[in-house]
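Trainee: Below: one structure in structure tokens.
The values are calculated or read from the model by the stated rules, or taken from the named source; none is laboratory data. Keep in mind it's a predicted model, so treat the numbers as computed, not measured. Because the Cβ atoms are built from the backbone with ideal geometry, glycine has one as well, and the counts that use them run over all protein chains shown.
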Amino acid sequence: MPELPEVETTRSGLEPHLQGRRIQQLIVREPRLRWPVPPDLAKLLSGGQVRRLDRRAKYLLLGTDGPGVLLHLGMSGSLRRCAADTPLRPHDHLIFRLDDGFEVRLHDPRRFGCCLPLPDPPQHHPLLAGLGPEPLGDEFDGDYLHCLSRGRRAPVKAFIMDQQVVVGVGNIYASEALFLAGIRPGRAAGRLSRAHCRALATSIRTVLAEAIAEGGTTLRDFVREDGTHGYFRQRLRVYGREGLPCVSCGTPIRSRRIGNRASSYCPTCQR
């Protein structure tokens, strides 16, 4: 699934090409996404000028001088900018036709993404209400994590992947951040000291910033707005490296299941 770095890479790549452009037409080739595309959305967006493209958690927020739109890439989706005469691919379900001869296409093979109208203000949308702070924002730090973790028996990996605790820390980046912080993924969140929480918050920010700088992580499906891959995969320290030597100490990387997700860790470096 595209996680925060992949969504932020998509946002930063598309925004310069979208800002100030008018949406001549929204073509809905397949409305049956995770939530059906409202039948009147195409009419509402027609002729609207794009003001901005923001991100909240793993959602993209397209702001226009009319209705806004909430977009999600689902499990394997991508948004790509291409010339209007580029041949369509299977699973190109939505097409935003712009006034400069280009289109932005939502490609979503599994149809787990969404395209829904946004209220004003956007945070009132049910999918956005109740979300935790942004991990790269000022509200998120080790003291916040320490306060929220008190009394929590859940494994720390599940804790930091809870979108009500902090948004956008998916499986890949949770594993990587816990490795940098030297914390085992199965350790109870409530047993972390304040120093551990500060180290973990710093590691989360470091890993996400590194991944954004590399254009995200392409494991199978993710591509950037121009069709290129994200290159953070080459910098993964534990995720997907089970049985391989730890980059720090040489101990074979292990894996265990936490919350039905594979969790990679170094038994020597992480305690």
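Trainee: If you go through region 26-51, how many residues are in contact with a helix residue (DSSP H, G or I) (Cβ under 7 Å, 6 or more places away or on another chain) and either under 21 Å from L131 (Cα atoms) or not β-branched (V, I, T) (or both)?
Mentor: Residues in region 26-51 being in contact with a helix residue (DSSP H, G or I) (Cβ under 7 Å, 6 or more places away or on another chain) and either under 21 Å from L131 (Cα atoms) or not β-branched (V, I, T) (or both): 1 in total.
Trainee: Considering (1) part of a loop (DSSP other than H, G, I, E, B); (2) closer than 21 Å to I212 by Cβ, say which one R153 fails and leave the rest.
Mentor: So the condition that R153 fails would be (2).
Trainee: Which residue pairs have Cβ atoms under 8 Å apart, sit 6 or more places apart or on different chains, and have a first residue in region 99-118 that is farther than 19 Å from R34 by Cα and a second that is of a type in the set (S, T, N, Q)?
Mentor: Listed by first residue and then by second, the contacts come to D99/Q24; E103/T86.
Trainee: While we're here: Somewhere in region 224-244, is a residue farther than 25 Å from E134 by Cβ, hydrophobic (A, V, I, L, M, F, W, C) and at pLDDT 95 or above?
Mentor: There is at least one residue in region 224-244 that is farther than 25 Å from E134 by Cβ, hydrophobic (A, V, I, L, M, F, W, C) and at pLDDT 95 or above.
Trainee: Filter region 55-67 down to the residues that are over 14 Å from G20 (Cα atoms) and not hydroxyl-bearing (S, T, Y), then identify the one that is nearest to the chain's Cα centre (by Cα).
Mentor: Of everything passing the filter in region 55-67, K58 is nearest to the chain's Cα centre (by Cα).
Trainee: Criterion first (more than 23 Å from Q163 (Cα to Cα) and assigned by TED's automatic domain parsing to the domain that holds S12) does V69 satisfy it?
Mentor: For V69, the condition - more than 23 Å from Q163 (Cα to Cα) and assigned by TED's automatic domain parsing to the domain that holds S12 - is not met.
Trainee: When region 146-174 is examined, which residues are found to be within 15 Å of the chain's Cα centre (by Cα) and either among the hydroxyl-bearing types (S, T, Y) or outside the structural domain of V207 (by TED's automatic domain parsing) (or both)?
Mentor: Hit for region 146-174 is Y173, nothing else.
Trainee: Answer with yes or no whether G13 is surrounded by fewer than 22 Cβ atoms within 10 Å (Cβ to Cβ), at pLDDT below 95, farther than 17 Å from P109 by Cα and of a type outside the set (A, V, I, L, M, F, W, C).
Mentor: yes
Trainee: Now, a different point. Within region 65-95, count every residue that is over 30 Å from N171 (Cβ atoms), touching a helix residue (DSSP H, G or I) at 6+ places or on another chain (Cβ under 7 Å) and touching a residue at least 24 places away in the same chain (Cβ under 8 Å).
Mentor: Summing the residues that are over 30 Å from N171 (Cβ atoms), touching a helix residue (DSSP H, G or I) at 6+ places or on another chain (Cβ under 7 Å) and touching a residue at least 24 places away in the same chain (Cβ under 8 Å) in region 65-95 gives 1.
Trainee: Only residues that are modelled with pLDDT under 90 and outside any helix (DSSP H, G or I): list them for region 191-223, please.
Mentor: E214, G215, G216, T217, T218, L219, R220, D221, F222, V223 - these are the residues of region 191-223 that are modelled with pLDDT under 90 and outside any helix (DSSP H, G or I).
Trainee: Could you give me the residue pairs with C-beta distances under 9 Å whose first residue belongs to region 163-179 and is outside any loop (DSSP other than H, G, I, E, B), whose second residue is among the basic types (K, R) and buried (at least 22 other Cβ atoms within 10 Å of the Cβ) wherever it lies, and which are 6+ apart or on separate chains?
Mentor: As it stands, the answer is N171/K157; A174/K157; S175/K157; L178/K157, since those pairs meet every condition given.
Trainee: Hey, could you check region 188-213 for residues that are touching a residue at least 60 places away in the same chain (Cβ under 8 Å) and closer than 17 Å to L148 by Cα and say which is surrounded by the fewest Cβ atoms within 10 Å (Cβ to Cβ)?
Mentor: T202
Trainee: Any residue in region 140-150 that is assigned to a helix (DSSP H, G or I), touching a helix residue (DSSP H, G or I) at 6+ places or on another chain (Cβ under 6 Å) and under 22 Å from S12 (Cα atoms)?
Mentor: Checked against the condition, which is being assigned to a helix (DSSP H, G or I), touching a helix residue (DSSP H, G or I) at 6+ places or on another chain (Cβ under 6 Å) and under 22 Å from S12 (Cα atoms), region 140-150 yields no hits at all.
Trainee: Take L53 and tell me if it is under 23 Å from P90 (Cβ atoms) and surrounded by 14 or more Cβ atoms within 10 Å (Cβ to Cβ).
Mentor: No.
Trainee: With the requirement that a residue be over 18 Å from the mean Cα position of the chain (by Cα) and acidic (D, E), what does region 1-52 give you?
Mentor: E30, D40
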